[in-house]
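To start, the structure itself, in structure tokens.
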Amino acid sequence: MEHLRRRLPTLIASVLWSLPSPVPAVDPIDIGTRRELFIDHQLIEQMTGRTQLQLHHPVETEDVFVHDTPWEGNRTMYYTILQDGDLFRMYYRGSHIDLSESGYSIRYNVTCYAESRDGIRWTRPELGLVAFGGSTRNNILLSGEICHAFVPFKDANPDCPAKHRYKAIVAVYKPVRGLHVYSSADGIRWSPMSDQPVITTGYFDSQNLAFWDTVRKQYVGFHRALRGGPKQLEPSSHEAATKDVMTATSSDFLRWSEPVWLAYSPERWIRFSSKPTRFSPFVQLYTNQIQPYHRAPHIYLGFPTRYVAGRAKLTDLNRKLAESVEYFGVDYTDGGFMSSRDGRRFQFWDEAFIRPGNPARNRWVYGDNFQSLGVVETQSTTAGAANELSLYVNEGLWRQCKLRRYTLRLDGFVSASAPLSGGEVITRPITMRGRQLALNFVTSVAGSIRIEIQTPDGEPIEGHSLADCQEMFGNATERVVQWKRGSDVSPLTGRPLRLRIVLKDADLYAFQFTP
């Protein structure tokens, strides 16, 4: 008896430990009719079985633009691609660099322009604006210092005057280093909006960008900076500071908030060092290529250039470049992926989104594999197939510069994925508006997806239980979920609920309660 009395507190504690923990009361997330992507854990409360978030990779296709004009040179990069009605516009830098044993020299920088009706076949309109080699028969928009990286966007602000419909962020280094702003009525003829820089905190030696956020109703900018040195000034050593990204906001495009650093999850800066870790060499960020995703504009997607310094010289090209400037030959670049819901904290994937690929293409080199700014929706080359996303990546720097197109399924960046043995995703409490629930998913022929709609405490809602749900399989970008009583979920509008998603050999990319 005495033995039991002494053990009683331990037994009680053991029983209490084994009981389910109470679920803390939280306000449901109102998703309305938004399309939600599985690009992070924002809406996920629990994943069971072997379910995981899986990063997917674009499919490499053809070269869509070969830079073979005298003014485009061997240093063509920093592409901006935007869809403007039924026209695709491309802005990019043309430049030529000469290498020697004593270093390098840059002959010129120009900003060029190209157009396409399908995102695949591009033409150079003869603009007649800037002379090159004694002729204006070219596609050059601008020349000079402002052309290091001239980055336009079409302003979606409904209050924007027509004469400023197209805007651009431009880095200028003298007399004051900073970002200047330009505007245009037609996207072709540009003029400055101010004679002073609008942002001076940063380093800016990259593709700096801005856009009008249609959800948050403000201008948002992202630019290159260096973590280290007063006001992020260039250190004496190329590798002495860490390349990273800052952000700022504005209500009028002229007056900007003081820039702040992005934060990352996982916390990348716990390893705040340019030295290799036990996992890999330290990956820094060069360009950022952050933009609202057009199918879910409350979500920012970023396609940064991942920069790794101080590796071995793999090829003859690396060794040749190092003879001129050491870091040209021992530093490497490829493409990354990150996402955010607030523009400040980003879910960052350690794995590459774009790899250099086949060594025969000589893309294992500093300056290649930069992802362009702009993910656009294009028609599939397969008749009858759903539209796809087109992304563009540069190659051939130092040699013959080219732009290569990659494709990805709509919303296909990350999926909630499970093998045939199965797994589940249980969402956090949400509220919605809509009549039907549509999924973007793919399964194997043996795989499936079923969805149960629950109350916040996990009880199935009558008529929407797992047993009521018709099994879904196949490959669809917008398949409506059916239960025994049909697909109508409008009676649940505004009620707090959860989704229980059961996956078997399936990838679920996105869901949406449609109007």
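The values are calculated or read from the model by the stated rules, or taken from the named source; none is laboratory data. All of these numbers come straight from a predicted model, not from anything done at the bench. Cβ atoms come from the backbone with ideal geometry, glycine included; neighbour counts cover every protein chain shown.
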Checklist line | Residues being hydroxyl-bearing (Ser, Thr, Tyr) and assigned to a loop (DSSP other than H, G, I, E, B) - total across segment 93-113 | finding: 1
Item checked: Selection status of Tyr332, modelled with pLDDT of 95 or more, crowded, with 19+ Cβ neighbours inside 10 Å, closer than 30 Å to Ala438 by Cα and in contact with a Pro (Cβ under 8 Å, 6 or more places away or on another chain) -> no
Next item on the list: Select the strands (runs of 3 or more DSSP E) contained entirely in segment 402-515, then report the ones holding at least 3 residues which are closer than 21 Å to Leu43 by Cα, among the aromatic types (Phe, Trp, Tyr) and in contact (Cβ under 8 Å) with a residue 12 or more places away in the chain.
Entry: 498-514
Note to self: Regarding segment 343-358, can at least one residue be identified that is crowded, with 17+ Cβ neighbours inside 10 Å, under 25 Å from Gln54 (Cβ atoms), basic (Lys, Arg) and outside the structural domain of Arg34 (by TED's automatic domain parsing)?
What the structure shows: no
Next item on the list: Would you mind stating whether Val414 is farther than 30 Å from Met77 by Cβ and among the β-branched types (Val, Ile, Thr)?
Entry: no
Notebook entry, point to check: Given the structure, is Glu72 surrounded by 16 or more Cβ atoms within 10 Å (Cβ to Cβ), under 30 Å from Val365 (Cβ atoms) and acidic (Asp, Glu)?
Noted result: yes
Notebook entry, point to check: Is at least one residue of segment 42-63 more than 30 Å from Tyr264 (Cα to Cα), hydrophobic (A, V, I, L, M, F, W, C) and either touching a residue at least 40 places away in the same chain (Cβ under 8 Å) or not assigned by TED's automatic domain parsing to the domain that holds Val170 (or both)?
Noted result: no
Note to self: I'm checking my understanding of the structure. Among residues of segment 272-322 that are of a type in the set (Phe, Trp, Tyr) and either at pLDDT 90 or above or under 22 Å from Trp364 (Cα atoms) (or both), which one is nearest to the chain's Cα centre (by Cα)?
What the structure shows: Phe303
Margin query: Looking only at segment 350-398, count every residue that is at pLDDT below 95 and in a strand (DSSP E or B) and tell me the total.
Written below: 0
Next item on the list: Mind listing just one residue for me: the one in segment 362-385 that is surrounded by 15 or more Cβ atoms within 10 Å (Cβ to Cβ) and free of Cβ contacts under 8 Å to residues at least 40 places away in the same chain and, of those, nearest to Thr333 (Cα to Cα)?
Entry: Asp368
Item checked: Residues (assigned to a loop (DSSP other than H, G, I, E, B) and in contact (Cβ under 8 Å) with a residue 12 or more places away in the chain) located in segment 328-349 -> Asp331, Gly336, Phe337, Arg341, Gly343, Arg344, Trp349
Margin query: Please count how many residues of segment 178-231 are among the aliphatic types (A, V, I, L, M) and crowded, with 18+ Cβ neighbours inside 10 Å.
Written below: 9
Note to self: Within segment 131-153, does at least one residue satisfy the condition of being more than 23 Å from Ser95 (Cβ to Cβ) and not polar (S, T, N, Q)?
What the structure shows: no
Check: Which fully enclosed strands (runs of 3 or more DSSP E) of segment 140-202 have 3 or more residues being under 22 Å from Arg107 (Cβ atoms)?
Finding: 140-143, 166-172
Next item on the list: Take the residues in segment 298-322 that are closer than 21 Å to Gly412 by Cα and of a type outside the set (Lys, Arg), then tell me which one is surrounded by the fewest Cβ atoms within 10 Å (Cβ to Cβ).
Entry: His298
Next item on the list: Please indicate, with yes or no, whether at least one residue in segment 123-135 is buried (at least 21 other Cβ atoms within 10 Å of the Cβ) and part of a strand (DSSP E or B).
Entry: no
Check: Is it the case that segment 28-49 has a residue that's charged (D, E, K, R), at pLDDT below 95 and over 17 Å from Gly458 (Cβ atoms)?
Finding: no
